[in-house]
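Visitor: Submitted below is the structure of interest, expressed as structure tokens.
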Amino acid sequence: MFRNYSDPLYKKWRSDVRKRDNNSCQWPGCTACKKLQVHHIKRWVDSVDLRYNINNGITLCKFHHSLIEGNENSYEAVFSKIIADKKSHDK
């Protein structure tokens with residue numbers, strides 16, 4: 001399915017993920033706060049019901065986002081754990 005980056009729901013989802021992640025890359029050890037992108041943990045095309053779920057997103061800098069390109073599935077568990085740890089820390 002075509003992704004509409006101008007869709008208000010998509011824009012809100014990206015904004016909410018970045019806000020939760022303090023507008024910084026969540027890659028372990030990275031402190032980048034510029035050239036940020038929001039990545040779907042479970043792929044957009046495969047997980048229709050999670051497309052706008054904040055817990056299915058993580059903020060990555062452009063460098064780390066490009067590093068995982070083509071291997072997104074390999075990082076699902078790592079990124080899901082980072083988000084779960086954030087949620088448990090916020091309680």
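Visitor: Looking only at segment 47-66, count how many residues are within 21 Å of Ala32 (Cβ to Cβ) and free of Cβ contacts under 8 Å to residues at least 12 places away in the same chain.
Guide: 1
Visitor: Moving on. With (1) surrounded by fewer than 18 Cβ atoms within 10 Å (Cβ to Cβ); (2) touching a His at 6+ places or on another chain (Cβ under 7 Å) as the list, and Asn53 as the residue in question, which single condition is left unmet?
Guide: Condition not satisfied by Asn53: (2).
Visitor: Please specify each residue of segment 25-43 satisfying the condition of being touching a helix residue (DSSP H, G or I) at 6+ places or on another chain (Cβ under 9 Å) and assigned to a loop (DSSP other than H, G, I, E, B).
Guide: Here is the first cut: in segment 25-43, the residues touching a helix residue (DSSP H, G or I) at 6+ places or on another chain (Cβ under 9 Å) are 25-28, 30, 32, 34-43.
Scanning segment 25-43 gives Cys25, Gln26, Trp27, Pro28, Cys30, Ala32, Lys34, Lys35, Ile41, Lys42, Arg43.
Visitor: Of the numbered conditions (1) touching a residue at least 40 places away in the same chain (Cβ under 8 Å); (2) surrounded by fewer than 15 Cβ atoms within 10 Å (Cβ to Cβ), Asn23 fails exactly one; give the number of that condition.
Guide: (1)
Read-outs: derived from the displayed coordinates by stated rules, not from any lab. No experiment lies behind these values; they were computed from the predicted model shown. Positions of Cβ are generated from backbone atoms using ideal geometry, with glycine treated the same way; all protein chains shown enter the neighbour counts.
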